[in-house]
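Heads up, the thing below is written out as structure tokens.
Each reported figure results from applying straightforward, stated rules to the coordinates on display, with no laboratory input. Since this is a predicted model, take the numbers as computed values, not measurements. Don't worry about glycine lacking a Cβ; one is built from the backbone with ideal geometry, like all the others, and counts go over all protein chains shown.
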Amino acid sequence: MKIAIGCDHGGFEMKEELKQRLTADGYEVIDCGIEMKKEVDYPDIAKVVADGIRMKNYDCGILVCGTGIGMSIAANKIDGIRAALITDTFSARMAKEHNNANIVTLGARIIGIELAYEVIKAYLLAEFLGGKHQVRVEKLMKFEKIR
Ligand code: RB5
């Protein structure tokens, strides 16, 4: 599984820690930036990760900013993306099982690293349930075609 990860300055430390923990747990993590703590605009990083998923270069993505809000708004504007802003493990599992989310966004100023990692593990270990949820996800994705 290829996981793309990215952040702005608000999420830099959390992104670095998540990357380290995921790599230690055997996941393949592609760091889409930022490489050092400097002020950047979250849409720029969200676009890199979201485009990579849309083009099927990665299986899923993690985007970290201060609140997770900007990253989720930005990523959800890219076709093919279902980004979920998550703050708890139940929602993390549901985001995959029901919504087949392909990006998790996190707010580093909202939750700590321990919960953030639990959230990511809950999401990664869950499976999309398909069936009626597939129908709903297909309806969601049709919104892209009526813009
Ligand atoms: C940056 O200060 C902050 O606005 C950003 O990290 C994020 O929280 C936006 O949604």
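Could you please give the count of residues in the range 38-77 that are within 13 Å of the ligand (Cβ to nearest atom), aliphatic (A, V, I, L, M) and surrounded by fewer than 21 Cβ atoms within 10 Å (Cβ to Cβ)?
Number of matching residues: 3.
Give me a count of the residues in the range 78-112 that are surrounded by 24 or more Cβ atoms within 10 Å (Cβ to Cβ), of a type in the set (A, V, I, L, M, F, W, C) and under 16 Å from Y58 (Cα atoms).
Number satisfying all stated conditions: 4.
Can you tell me which residue within the range 85-126, out of those that are assigned to a helix (DSSP H, G or I) and basic (K, R), is farthest from V48 (Cα to Cα)?
Taking the range 85-126 and keeping what is assigned to a helix (DSSP H, G or I), we get 89-97, 113-125.
With basic (K, R) added as a condition, the list becomes 93, 96, 121.
Values: R93: 25, K96: 21, K121: 23 Å.
Checked the range 85-126; the qualifying residue farthest from V48 (Cα to Cα) is R93.
Are there any pairs with C-beta distances below 9 angstrom linking a residue in the range 70-82 that is within 8 Å of A46 (Cβ to Cβ) to a residue that is near the ligand (Cβ under 8 Å from one of its atoms) and assigned to a helix (DSSP H, G or I), with the two at least 6 apart or on different chains, and if so which?
G70/G10; G70/Y42; M71/G11; M71/Y42; A74/Y42
Could you list, in sequence order, all residues of the range 6-37 that are outside any helix (DSSP H, G or I), within 15 Å of the ligand (Cβ to nearest atom) and crowded, with 18+ Cβ neighbours inside 10 Å? Talk me through it step by step, then tell me what you get.
First, pick out the residues of the range 6-37 that are outside any helix (DSSP H, G or I): 6-8, 25-37.
Filter once more, so that each one left must be within 15 Å of the ligand (Cβ to nearest atom): 6-8, 33-34, 37.
Correct list: G6, C7, D8, I34.
Considering only the range 78-110, state which residues are over 15 Å from the mean Cα position of the chain (by Cα) and within 16 Å of the ligand (Cβ to nearest atom).
Scanning the range 78-110 gives R109, I110.
Test L115 against the criterion of being closer than 19 Å to E16 by Cα, surrounded by 17 or more Cβ atoms within 10 Å (Cβ to Cβ) and of a type outside the set (D, E), and give yes or no.
It is false that L115 is closer than 19 Å to E16 by Cα, surrounded by 17 or more Cβ atoms within 10 Å (Cβ to Cβ) and of a type outside the set (D, E).
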